[in-house]
Amino acid sequence: MKTTRRTARELALNILYQVDASGVPFDEALATALEFVEVSGRATDGAQVKEYAAMLVTGVREHRDEIDAFIEQLSEGWTLDRQPAVDRNILRIALFEIKYSESAPPIVAVDEAVELAKKYSTAESGKFVNGVLAGYLRDHTPEMEETDLGSTDS
C-alpha cells in the first residue's frame, strides 16, 4: 500500500506541477497523465495509483483557495508566488490529505510530503515542508498538540 500511495502522490505532484508551473489546463493534464503514464507493477496497483492520484489532484483543485490560504498563513515570509512550484504543490497535496481525506493519518501525510520534497526539490525543502505542515497540525488538529512531529531532517 505504501508504495502505491507514494507513487500516486508522485503522479499527483507531476500533474499539479504541470498545471501550476506550465499552465497546462487541469483537465488536460489529468487526462493525459491517467491515459499515458505507465505505472510499474501489477495492473491492479496501476489502477489504484491512478485512482488515488486523480482523487488527490481533483481534491486539491476543489479546495485550492482554502489550502493556499493555510499555506500563506503558515509560510511566514514566503508568499505562494515566492515558493518553488514543487514545494507549493507538495504542500497542497499533504494539506488536502490531512484536512479533507481520511485515507492516511496526518502524520503519514507529513512524512510522505517531506520525502517528496527531499526527492524532488531543494536541499532545504524537506525542512520547509515539515515546518509548514507541523504548524498546521499544531494549530488545526487538537490531537496533534502532544504528538512529536519528528525532526525536520526526517
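The values are calculated or read from the model by the stated rules, or taken from the named source; none is laboratory data. In this text the structure is predicted, and so the values were computed from the model without any measurement. Neighbour counts are summed over all protein chains in view; Cβ atoms, including those assigned to glycine, are modelled from backbone coordinates with ideal geometry.
Annotations
- Within segment 99-113, being touching a residue at least 12 places away in the same chain (Cβ under 8 Å) and not in a loop (DSSP other than H, G, I, E, B) holds for Lys99, Tyr100, Pro106, Ile107, Ala109, Val110, Asp111, Glu112, Ala113.
- Some residue of segment 57-66 being of a type in the set (A, V, I, L, M, F, W, C), within 18 Å of Thr4 (Cα to Cα) and either touching a Pro at 6+ places or on another chain (Cβ under 8 Å) or surrounded by 14 or more Cβ atoms within 10 Å (Cβ to Cβ) (or both): yes
- When Phe26 is tested against (1) in contact with a helix residue (DSSP H, G or I) (Cβ under 6 Å, 6 or more places away or on another chain); (2) closer than 27 Å to Gly131 by Cβ; (3) of a type in the set (Phe, Trp, Tyr), only condition (2) is not met.
- For Leu80: the one exception among (1) surrounded by 17 or more Cβ atoms within 10 Å (Cβ to Cβ); (2) at pLDDT below 95; (3) among the hydrophobic types (A, V, I, L, M, F, W, C): (1)
- Within segment 83-117, the only residue that satisfies the criterion of being of a type in the set (S, T, N, Q), at pLDDT below 95 and buried (at least 17 other Cβ atoms within 10 Å of the Cβ) is Gln83.
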